[in-house]
Amino acid sequence: MRIVFLGAPGSGKGTQSQRLVERHGIPQVSTGDLLRAHVRDGTELGRRAKSVMDAGQLVDDATILGMVRERLAAPDAARGFILDGFPRTVPQAEGLEQMLAAIGQPLDAAVLFDVDSGLLAKRISGRRTCQDCGRVFNVHTAPPPSPPPCGGQCGTPRLVQRPDDKEETVARRLAVYDEQTRPLAGFYEQRGLLRSIDAEGDLPTVTARLEAALAPRG
Ligand code: AMP
C-alpha cells in the first residue's frame, strides 16, 4: 500500500500514521520528522531548514524531494509506505509522481483529513511528543496514559512541545497550508486517488473511517 496523507497541521495525520504502521507493517515517512532529525543531528541540511521551520514556512522543494527519494530507496519502503506531510506543494506532488512512475510503483490513494479550522489551533496547542520514543499525545484529546506510554521501552515519558507548535507560528503554518497545500486535493482528485475522511472525533472512530476509505473498492 502506497499512500499519501493530506491535511492541515493538527488534522491527525501523524497520529493515524502511527496506528496504521502498527496494523499494516509499512513505514511512516514523515518529512517533518526527517527534517527534525537533521536539525537534531546538526547536519548542513538541518542548519538550513531550522530557521524556515521555526518561521512556519516550507523548506524548498528540491531539498524535500531529495530527502524523500533517499528515504523511499530504503529496503523497508519496498512493500509500501505512508507519506505524512509530503507532498505539500504541487511541484512536490509532480516530483513524487515522476519518482514513483520511474519504478512502476504508483500511489494507491491520497487521503485528505478534513477538520474544522477552529479545532486545528486547539489540537496543535495541546500536542506533545515523547522525547524518547517519538509518540505523539495531546493534553486535550489524547493524554499520555499512566503508566508510561511506550510499554517500558522508553521509561517515563518526557513530553515536549515542538517549537513550531507555539501559537504565533501556528497561524502562519495554517495560512501556508491554505495557500500551498490545499490545492493538492484537486491534483489527486483529477487522478482519481483522493479519499476524504471526516477527521474529527476520537482516535478509534477516525481510524475506522480511514480503514474504510482505504479498503479496496469493488
Ligand atoms: P510537520 O511535522 O509535517 O508539521 O512539518 C514541520 C515543518 O517542517 C513544516 O512546517 C515545514 O517547515 C517543514 N516541512 C515538513 N514537510 C515539508 C514538506 N513536504 N515541504 C516543505 N516543508 C516541509
Would you mind checking which residues have amide H under 5 Å from residue 29's amide H? H placed 1.01 Å from N; only 5 or more apart, or other chain.
82, 83, 84
Gain in span if fully extended, residue 200 to residue 182, counting 0.36 nm per residue against the direct Cα distance
4.7 nm
Give me, ordered by chain and number, the residues 5 or more places off residue 162 or on other chains with an amide H under 5 Å from its own placed amide H.
129
Show which lysines lie in cross-link reach of residue 122 when reach means a straight Cα distance below 22 angstrom and same-chain residues fewer than eight apart are skipped.
13, 166
Taking N as its residue count, the alpha carbon Rg of the stretch 36-102 over 2.2 N^0.38 Å:
1.17
Under 5 Å from the placed amide H of residue 195, counting only residues 5+ away or on other chains, we find 110, 111, 112
The chain: antiparallel bridges as % of DSSP beta bridges, rounded to 5, reads 25 percent
Candidates 43, 89, 169: whichever shows maximal mean-square fluctuation once the chain is modelled as a Gaussian network with Cα springs under 10 Å
43
Full-stretch length increase - residue 121, residue 37 - with 0.36 nm per residue and alpha-carbon distance subtracted
27.8 nm
Difference of contour (0.36 nm per residue) and Cα-Cα distance, residue 208 to residue 94:
38.1 nm
Along the charge dipole of the chain, which of 176, 190, 27 sits closest to the positive end, that is, farthest toward it, with unit charges on the beta carbon of Lys, Arg, Asp and Glu (+1, +1, -1, -1)?
27
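Here, each number is a calculation from the coordinates, and none is a lab measurement. Being a predicted model, the structure only gives us computed values, none of them experimental. Don't worry about glycine lacking a Cβ; one is built from the backbone with ideal geometry, like all the others, and counts go over all protein chains shown.
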